[in-house]
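Some notes on the structure that comes next.
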Amino acid sequence: MKRRGYTTFPGEGSGDDGQWPPERSLLILGILRDDAIRLGRDFGQRAVVYGEQGGRALLLPCSPPR
């Protein structure tokens, strides 16, 4: 992602109860919505969280509609 000029920050998501193993994540600043979906698809994600400054976070499906 850095090759494309994006600023990235690694992260990790985990549940409050500790029952689920932590999942690695990546915050990518400035990525376009369609690129975020495409990248999620490339990495086998069902969805990605996307947002723009001042707006609400959206959960976007990565799989093509049936």
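The values are calculated or read from the model by the stated rules, or taken from the named source; none is laboratory data. Everything numeric in this text was worked out from a predicted model, so none of it was measured. Here the Cβ positions follow ideal geometry from the backbone for every residue, glycine too, while neighbour counts run over all protein chains shown.
Structure notes:
- Residue satisfying all of: in region 33-66; charged (D, E, K, R) and surrounded by fewer than 12 Cβ atoms within 10 Å (Cβ to Cβ); nearest to the chain's Cα centre (by Cα) among these: Arg46
- All strands (runs of 3 or more DSSP E) inside the chain with 3 or more residues being at pLDDT below 95: 7-13, 23-29
- Of everything in region 13-32 that is under 21 Å from Arg3 (Cα atoms) and of a type outside the set (Lys, Arg), the residue that is surrounded by the most Cβ atoms within 10 Å (Cβ to Cβ) is Ile31.
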